[in-house]
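The values are calculated or read from the model by the stated rules, or taken from the named source; none is laboratory data. In this text the structure is predicted, and so the values were computed from the model without any measurement. Here the Cβ positions follow ideal geometry from the backbone for every residue, glycine too, while neighbour counts run over all protein chains shown. The accessibility values were calculated without ligands, DNA or RNA, using every heavy atom of the protein model including side chains. Shrake-Rupley method; radii C 1.70, N 1.55, O 1.52, S 1.80 Å.
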Amino acid sequence: MHPPVVLLRSFLGLGLACGVLVGAACSGSKSSSGPTGGAASSSLTDLMKARNLSEADVNAALKTYTPSGRMDEYLTFASGGHGGQVIVIGVPSMRILKYIAVFTPEPWQGYGFDDQTKSVLAGGKRFAKDLTWADTHHPALSETGGDYDGQFLFINDKANARIAVIDLKDFTTKQIVTSELIGGDHGAAFVTPNTDYVIETTQYPVPFGSTYADPAKEFKEKFRGAAIFWKFDRTKGRIDKEASFAIEFPPYTQDLADAGKLVSDGYVFFNSINTELTWGGNQEGNPPMESGYSKNDMDYLHVVNWKKAAELINAGKGEMINGIRVLRLPTSIAEHVLTFVPESKSPHGVDVSPDGQDIVISGKLDTHGTVFSFAKIKAQIDAGKFETKDSYGVPVLSFKDSIRGQVELGLGPLHSQFDDKGNVYTSLFLETVVVKWSLKDLKVIDKLPTHYNIGHLVAAEGDTIHPDGKYLIAMNKWALDRFNKVGPLLPQNFQLVDIGGEKMQLLYDMPLPLGEPHYAQMIKADKLKPVDVYTPGEDPITGVVSPNVVEANKERVERKADGVHVYMTAIRSHFTPDIIRVKEGDTVKLHVDNIEQAYDATHGFAIDSYNINLSLEPGEHSDVTFVADRAGVFPMYCTEFCSALHLEMAGYLLVEPK
Ligand code: K7E
Ligand code: CUA
């Protein structure tokens, strides 16, 4: 029997048993206290009465409640929106397990404070400018053969066109890359089925390199969209910028993307929402941007043969622009790399079905979900059967010859996810529901209200060739009356839904008070194999033992040409040395090792007034460089409550005046 069914049965069995026992003791324990709701010995009936819980509430609770010490079956990686982080959430408990610092300095992890993580953040500078925030939208787990492999996670920064690489070995950001070709991205991050490439697509077009051009005169000629294909080197665990490339697009405001899989492997599909070529100017005699964008009935689905594009690039057919090889439009057209298919009004989500045969598109201003057939699209491309061309010369296929059908879903369809039974789950923003429908028969099966204004939704293993069904999270933008009031800025509401049965069942509301998370991916927890501790002396960013590693009894201070080097160790409950003596104006280079190998024995290291704050996980080596430009006495101490003598884990930085 399939494990989910067993699980569901046992849950339902329990639910029924308690249902039968409403009015009698369910747990068998004798109720000795009144229905106070808090007494440990209360019967289930008393508790239900005291807390005003229905049988359905108890059923839902039993499906999410995770007793102390038990683990979750899935982990969800959610974008942290403009918090610039990634949030790790256990499912079904909906317990937050970690915030992973990505684009934003984060004190708990000491991220952005030591030399190592400063260099990661520096990789995300654009035009030499420091950026201390990001608008993270779409996390993408690495895949092998179209299934999540649990090794890496990628996420984009929509605002500043950046991609980050997180290694799931230690849940730490290792690299941030950006090209100075485009000005912001949205169709990112999405991976090809073997993670050969991480895809990043423009949202708002700019002239390449963000150079100046007046849209009133030169929008059509100078402004451009692009898809960047970042080459991922799995053995190094890093993006290889030199081996990456871009494909030029007309300035149609490309939206989301999804890579083909199985039969459609080698292709990637991008939406666009501005075939009108609107650029704003509501005080310059133009209609407001939003109405300009919505004039045409059809926009263009971009169908890209990325394998062909990679071949052409590697054959030298690209042009180097701002440090990246770009396949220009005329080459893409001539070589049939880029083809358009008309798609309905202001599309947002584009999602390839698990078998790779269908492409589900939702137009925000259309009540339908449209199912495009890859086979039909491919047949037209192969036969050179084009209906027309756009004004840039890109061939356009026939809409009706490209679709398998349409299904009336409701108001404001956005994104779609899949289960293991051939069903699709689409978020309807305006109707504020999840609609479940059959991909095969194009029939609506069920609708579940959400609270409120659902954006993305994520199903267990929902973007793979083997979705699990079981759980779905509705990621709702508004929370109005769901939680205690906390002022005018409200958390988002993540609603956990059981999708194991015919009807969807709402299980739990989880407030998420960080940024505006857009998308998430949910992976089977047993696919993840993080390390417990670092190899002694390991630099988490290089992944190898640091040349500055400090071993026990080798602690020392050395004055060198480039500054005062302090080789320090941390172990419960002292730093060695615990006094650092330097002179005003000295450059100080601290090399600190947590020489413990005990799981969870993390130390912190902070120095008063110098903005120094490290997190030293067991085995970790960290470096920090600063100029001792203020003479005086500055306490330093451990910021993690590591031991009974944690408060004693301290010392002084003594900066002798000139
Ligand atoms: Cu719909 Cu950026 Cu994926 Cu937000 S996006 S919801
Ligand atoms: Cu080490 Cu507190």
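Per residue, the chain exposes an accessible area of 41 Å² to a 1.4 Å probe, with every protein chain left in place. For 400, 261, 158, the ranking by accessible surface with the largest value first comes to 400, 158, 261, using a 1.4 Å probe.
Rounded to the nearest 20 debye, the dipole magnitude of the chain is 580 debye, with +1 charges on Lys and Arg beta carbons, -1 on Asp and Glu beta carbons, and the Cα centre as origin.
I need the chymotrypsin sites (Phe, Trp or Tyr not before Pro) found in segment 476-570, filtered to DSSP loop residues with at most 11 other beta carbons within 10 Å of theirs. Please list the in-between numbers first.
Working: sites: 478, 483, 494, 508, 519, 534, 567; in loops: 478, 483, 519, 534.
Here no chymotrypsin sites (Phe, Trp or Tyr not before Pro) fit, given the DSSP loop and packing criteria.
Subtracting the Cα-Cα distance of residue 236 and residue 599 from 0.36 nm times their residue separation leaves 128.1 nm of extension gain.
Computed about its Cα centre, the charge dipole of segment 446-541 is approximately 360 debye, with only Lys, Arg, Asp and Glu carrying charge at their Cβ.
Surface composition of the chain: carbon plus sulfur atoms contribute 56% of the solvent-accessible area (1.4 Å probe, protein chains only, all chains present). Within segment 533-588, the trypsin sites (Lys or Arg not before Pro) that combine a DSSP coil assignment with at most 11 other C-beta atoms in a 10 angstrom radius are 554. Considering only 549, 81, 166, the residue lying farthest towards the positive end of the dipole of the chain is 81, judged by Cα position with unit charges set on Cβ.
What 222 nm value per residue comes from the helices of the chain, counting each DSSP H run with n ≥ 4 as -39,500 (n - 2.57) and dividing by all residues, nearest 500 deg cm²/dmol? It would help to have the intermediate numbers written out before the result.
On the way: 9 runs with 81 residues, N = 658.
Taking each H run of at least 4 residues, the total per residue is -3500 deg cm²/dmol.
Listed by chain and number, the aspartates and glutamates placed with their C-alpha closer than 19 angstrom to that of residue 49 are 57; residues fewer than eight positions away on the same chain are left out.
Taking only C-alpha pairs under 8 Å that are 6+ residues apart, what is the relative contact order of the chain in percent?
Working: 1769 pairs, mean separation 63.2, N = 658.
Relative contact order for the chain comes out at 10 percent.
Between residue 648 and residue 627, the modelled labels are 3.9 nm apart [label points 7 Å from Cα along Cα→Cβ]. Placing unit charges on each Cβ (+1 for Lys and Arg, -1 for Asp and Glu) gives the chain a dipole about its Cα centre, and among 513, 567, 460 the Cα reaching farthest toward its positive end belongs to 460.
The residues neighbouring residue 359, those whose beta-carbon lies less than 10 Å from its own, together hold a net charge of -3 under the Lys/Arg +1, Asp/Glu -1 convention. In segment 140-188, with Lys and Arg counted as +1 and Asp and Glu as -1 at Cβ, which of these residues, 141, 153, 184, has the Cα nearest the positive end of the dipole, that is, farthest along it? Working it through, the farthest residue towards the positive pole turns out to be 184. The separation of segment 393-442 from segment 602-625, counted between C-alpha centres, amounts to 50 Å.
Within the chain, which is the longest segment containing none of the GluC sites (Glu not before Pro) that sit in a DSSP loop and have at most 10 other Cβ atoms within 10 Å? In short, 1-283.
Placing dummy labels 7 Å off each Cα toward the beta-carbon, the span from residue 411 to residue 441 is 2.8 nm.
Which helices of the chain meet both criteria: a Cα extent of 24 Å or more along the helical axis and a mean Kyte-Doolittle score no lower than 1.0, with helices taken as whole DSSP H segments? Mind showing how you got there, number by number?
Working: long enough: 3-20 (25 Å, 1.61).
Correct list, ordered by number: 3-20.
Summary of the geometry: segment 122-174 and segment 546-570, compared by the centres of their Cα atoms, lie 33 Å apart.
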